[in-house]
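Please read the structure below before turning to the comments.
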Amino acid sequence: MDRRQVLKQSALAAAAFAFSRDAFSREVERIVTHRGFTGNIIKLSSNENPHGPSPAAKSAMIAAVGVSNRYPWEVTTQLREKLASMYGLTKEHIMIGAGSSELLGITSLMAALQKGNAVAPDPTFRLWMGAARKVGLPIKLVPLTGKKQTDLQRIKDAMDANTRMVYLCNPANPTGTIIPAAELETFIKDIAPKCIILLDEAYTEFCDEPSMVKWVNDYPNLVVAKTFSKIHGMAGARIGFAMAHPQTIKQLNDLQPWANAGAGAVALAGALASLDDKNFMSFCKAENQKARSVFYKALDKVGMPYIESHTSFVYFNSAPFGKDVQKLLESQQIVGARTFEEGTKWLRLSVGTVDEMKKVAEALSVA
Ligand SMILES: Cc1ncc(COP(=O)(O)O)c(C=O)c1O
């Protein structure tokens with residue numbers, strides 16, 4: 001092949017690649033679905049980041065497709081080292097999983113093996129609970145305070161000699177509330193000597209509260225779970241991490257079929273690139289605040305009370321509105337308003353883009 005032929009062929013390859021990338025993004029847009037709704041919908045059900053993944057993460061993930069024939073050991077180590085340096089830890093403090101859900105599951109499995117019970121607020125993020133119960137970990141659910149805050153005192157009161165784990169989500173899902181750092185620190189100091197504290201920090205990056213990871217060396221029972229699904233916009237890539245004392249990470253790793261191997265090469269590459277894309281994270285945080293304000297105004301206008309959120313979703317009481325908000329939004333292809341407290345009209349809606357939240361506002365105001 002002469003030089004001209006080579007150039008022609010690589011130009012064709014580049015065009016085909018650009019075309020497939022384009023077709024790929026169109027395809028991705030097309031297949032957005034939610035419980036029977038599909039296509040041109042506004043999906044506000046699962047607190048996904050409407051902006052992500054970051055451009056840097058997308059490029060890194062596309063490039064990583066080509067090396068997906070190889071096991072990603074080195075990249076896994078690189079990610080653990082990078083996270084360790086960000087949090088002032090060592091890679092032995094870090095465990096990688098296919099989303100933080102996997103790590104919540106494994107931590108509750110570790111608690112179940114100690115034969116006893118767990119305590120968690122109610123409502124909270126429950127995805128890990130079904131499997132935990134099935135492997136023999138009964139879960140005592142503790143109601144929130146009247147202001148929908150996590151009730152640390154009642155959680156303590158619900159604990160007994162057989163309590164092996166307390167799960168806390170901070171900021172909380174579905175309410176968006178936060179336990180002030182000082183209160184949480186006191187709780188950790190008090191409870192971590194007695195049982196595992198599984199602290200789910202999926203949404204910390206949307207607010208200014210500090211992570212509690214600084215306590216993992218003092219309290220081997222503290223496991224902090226984090227995810228790339230939220231501020232990093234990589235929910236579909238399935239990658240998360242847990243941070244704990246190396247002793248604890250080792251015990252958790254022993255419960256994985258293959259230590260740290262839940263996330264694939266593509267997700268790992270995206271995660272590494274996303275951590276470097278600080279501008280993207282600041283952008284997502286700022287846009288989330290703007291879009292949240294648009295939604296707050298809409299709720300104020302129609303008289304629906306809400307909890308000030310520290311996250312990428314809002315918990316609001318649709319009772320005074322007098323109409324079925326879920327159905328009303330769905331009639332406009334806006335899906336995802338969900339109830340977490342049976343018998344009440346409190347709903348959670350994820351915060352989308354500013355434009356999406358303007359459409360929500362419009363749907364509510366013309367009702
Ligand atoms: C509080 C909380 N923890 C964990 C998760 C699961 O995240 P992942 O996608 O990393 O499994 C979610 C997802 O919505 C969540 O809200």
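For (1) in a loop (DSSP other than H, G, I, E, B); (2) closer than 23 Å to ALA172 by Cα; (3) not assigned by TED's automatic domain parsing to the domain that holds THR227, each residue gets a yes or a no:
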position: ASN49; (1), (2), (3): yes, yes, yes
position: LYS58; (1), (2), (3): no, no, yes
position: ARG70; (1), (2), (3): yes, no, no
position: GLU74; (1), (2), (3): no, no, no
position: THR77; (1), (2), (3): no, no, no
position: LYS82; (1), (2), (3): no, no, no
position: SER85; (1), (2), (3): no, no, no
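Filter region 88-138 down to residues that are in a strand (DSSP E or B) and either buried (at least 21 other Cβ atoms within 10 Å of the Cβ) or away from the ligand (no atom under 16 Å from the Cβ) (or both), then give me how many there are. Result for region 88-138: 9.
Condition check ((1) surrounded by fewer than 23 Cβ atoms within 10 Å (Cβ to Cβ); (2) polar (S, T, N, Q)) across all residues:
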site: CYS207; (1), (2): yes, no
site: PRO210; (1), (2): yes, no
site: LYS214; (1), (2): yes, no
site: ASN217; (1), (2): yes, yes
site: VAL223; (1), (2): no, no
site: ILE231; (1), (2): no, no
site: ARG238; (1), (2): yes, no
site: HIS245; (1), (2): yes, no
site: THR248; (1), (2): yes, yes
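Of the residues making up region 199-232, those that are more than 11 Å from the ligand (Cβ to nearest atom), in contact (Cβ under 8 Å) with a residue 12 or more places away in the chain and under 18 Å from the mean Cα position of the chain (by Cα) are GLU205, PHE206, CYS207, GLU209, PRO210, SER211, MET212, VAL213, VAL223, VAL224, ILE231. Give me the residue from region 166-198 that is of a type in the set (Gly, Ala, Ser) and under 21 Å from ALA337 (Cα atoms) and, out of that set, nearest to the ligand (Cβ to nearest atom). Per the criteria, the residue is ALA172.
Among the residues of this structure, ASN253 counts as one that is within 30 Å of MET165 (Cα to Cα) and of a type in the set (S, T, N, Q). For region 158-197, a residue qualifies if it is loosely packed, with under 15 Cβ neighbours inside 10 Å and not in a helix (DSSP H, G or I), and the qualifying residues are ASP160, ALA161, ASN162, PRO180, PRO193, LYS194.
Under 7 Å by Cβ, and 6 or more places apart or on different chains, what pairs join a residue from region 124-142 that is closer than 21 Å to THR175 by Cβ with one that is within 16 Å of the ligand (Cβ to nearest atom) and assigned to a loop (DSSP other than H, G, I, E, B)? Note: pairs meeting the criteria are THR124/ALA172; THR124/ASN173; PHE125/ASN173. Evaluate the following for GLU48: is it among the acidic types (Asp, Glu), out of contact with any Asp or Glu (no Cβ under 8 Å at 6 or more places or on another chain), at pLDDT 70 or above and buried (at least 16 other Cβ atoms within 10 Å of the Cβ)? Judged against the criteria, GLU48 is a match.
Being within 15 Å of the ligand (Cβ to nearest atom) and of a type in the set (Phe, Trp, Tyr) is the filter here; which residues of region 233-260 pass it? Hit for region 233-260 is PHE241, nothing else.
So for region 65-83 (the condition being over 21 Å from GLU205 (Cβ atoms) and in contact with a Gly (Cβ under 9 Å, 6 or more places away or on another chain)), does at least one residue qualify? Scanning region 65-83, I find at least one residue that is over 21 Å from GLU205 (Cβ atoms) and in contact with a Gly (Cβ under 9 Å, 6 or more places away or on another chain), so the answer is yes. Go through (1) among the aromatic types (Phe, Trp, Tyr); (2) under 20 Å from TRP128 (Cβ atoms); (3) in contact with a helix residue (DSSP H, G or I) (Cβ under 9 Å, 6 or more places away or on another chain) one by one and return the number of the condition TYR203 breaks. Against the list (1) among the aromatic types (Phe, Trp, Tyr); (2) under 20 Å from TRP128 (Cβ atoms); (3) in contact with a helix residue (DSSP H, G or I) (Cβ under 9 Å, 6 or more places away or on another chain), TYR203 comes up short only on (3).
The values are calculated or read from the model by the stated rules, or taken from the named source; none is laboratory data. This is a predicted model, so every value here is computed, not measured. Ideal geometry is used to build each Cβ from the backbone, glycine not excepted, and the neighbour counts take in all protein chains shown.
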